[in-house]
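Before any comments, here is the structure.
The values are calculated or read from the model by the stated rules, or taken from the named source; none is laboratory data. Not measured: the values here are computed from a predicted model. Methodologically, a virtual Cβ is constructed for each residue, glycine included, from the backbone with ideal geometry; neighbour enumeration extends over all protein chains shown.
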Amino acid sequence: MQLPNSTNSEQQIAGLDSSSWARKMNDDIVSALTVDVEDYFQVSGFEAVVSPASWGSFESRVERNTDRLLDILADARVIATFFILGWTAERFPQLVRRIQAAGHELGSHSYAHRLVYLCSQREFREDTRRAKKVVEDISGEEVIGYRAPSFSITRKSLWALEILAEEGFHYDSSIFPIRRDRYGIPAAPRHPFQVILRNGQPTPGASEHKRANAVLSKAIVEVPPSTIPLFRMTLPIGGGGYFRLCPPLLFHRAIGRIVEGERRPTVLYIHPWELDPQQPRFRNGSWLSRFRHYLNLEKTEKRLKSLLARWQFTSVIDLLARLPEIPQLSLEEIPSRASRRSLR
Ligand SMILES: [Zn+2]
């Protein structure tokens, strides 16, 4: 159970009053909070102006910013899932250990932050295997959750789910059920579902134990970032630029629509660099990338605290353990409208 830990001004931002606290304490829907651990120069929006080969030449601020986030979560007594970039984990193993020591779940955000649909299947497998091993070697803990760079598991890279399952991941949180320039599968379900992969049948003649493992390795749970349907559109409310753009009261209302209206958990995401308005600025990125990246950075911390004060959050693995049931789909059904309607 989280305990409210917020100032009066933060409560006012969220439009809260004392009855809201009582409501929070009675909420039985617990959402997932996720963190993509990467530095400000590693984001996809600036990849045209910052090559991965030059990452080592930039001032790193990821440790400081992630530590700030850890403090905020500790104050709010919230446990989250940290999807850590392998490149970053390798350079800052103590940061991985601090995240782990605080009780958070460790996940993978790939090794080199390459968009999945721009990788060959072989490149994706190598990157994913390396990323998983780095975090596991540092923590001594199995990593079972994956978040693709920029949600880049789309229709053309759905094969990635099979590779993730084969590499030992139990869940993925990379399919955004919206239509965007870089990512999204608009017809995909909005809430967690299990994907039965192409060969997801028990091996004939296998022992009971082997058969269970065979089935397990041929399925993966998908945990989509949150969206709300509005007229004929689906609006993203998972985090990032949308979180910083949307007025706090509207953002709270959107979460309320899912948690209180649909009685479903939300899945939100944040990056450590979003808490750092002083980060060095790239003046040569595209206008849209700079707008998305720099918008309202100075407001993130206050807004995050108001979210933590109002709603209950936990890690993805804990969220999945709390779900009474998870509907199943085949890989081919993910982009089909019919499957989405049936899972609404
Ligand atoms: Zn990222």
I'm trying to understand the selection: among the residues of segment 225-277, which are polar (S, T, N, Q) and within 25 Å of Ile79 (Cβ to Cβ)?
Ser226, Thr227, Thr266
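Looking at segment 242-324, what helices (runs of 4 or more DSSP H) fall wholly within it and have at least 1 residues that are within 22 Å of Ile84 (Cα to Cα)? Talk me through it step by step, then tell me what you get.
Working: elements: 248-256, 287-294, 300-310, 316-322.
The qualifying helices (runs of 4 or more DSSP H) are 287-294, 300-310, 316-322.
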Gly107 passes all but one of the listed conditions (1) within 16 Å of the ligand (Cβ to nearest atom); (2) in contact with a strand residue (DSSP E or B) (Cβ under 9 Å, 6 or more places away or on another chain); (3) over 26 Å from Ile334 (Cα atoms); the exception is number (3)
Members of segment 41-89 found to be more than 16 Å from the ligand (Cβ to nearest atom) and among the basic types (Lys, Arg), listed by number
Arg64, Arg68, Arg77
Failed condition for Phe169, given (1) surrounded by 16 or more Cβ atoms within 10 Å (Cβ to Cβ); (2) out of contact with any Pro (no Cβ under 8 Å at 6 or more places or on another chain); (3) part of a helix (DSSP H, G or I):
(3)
Could you tell me whether segment 213-233 includes any residue that is closer than 17 Å to Ser173 by Cα, modelled with pLDDT of 85 or more, among the polar types (S, T, N, Q) and not in a strand (DSSP E or B)?
yes
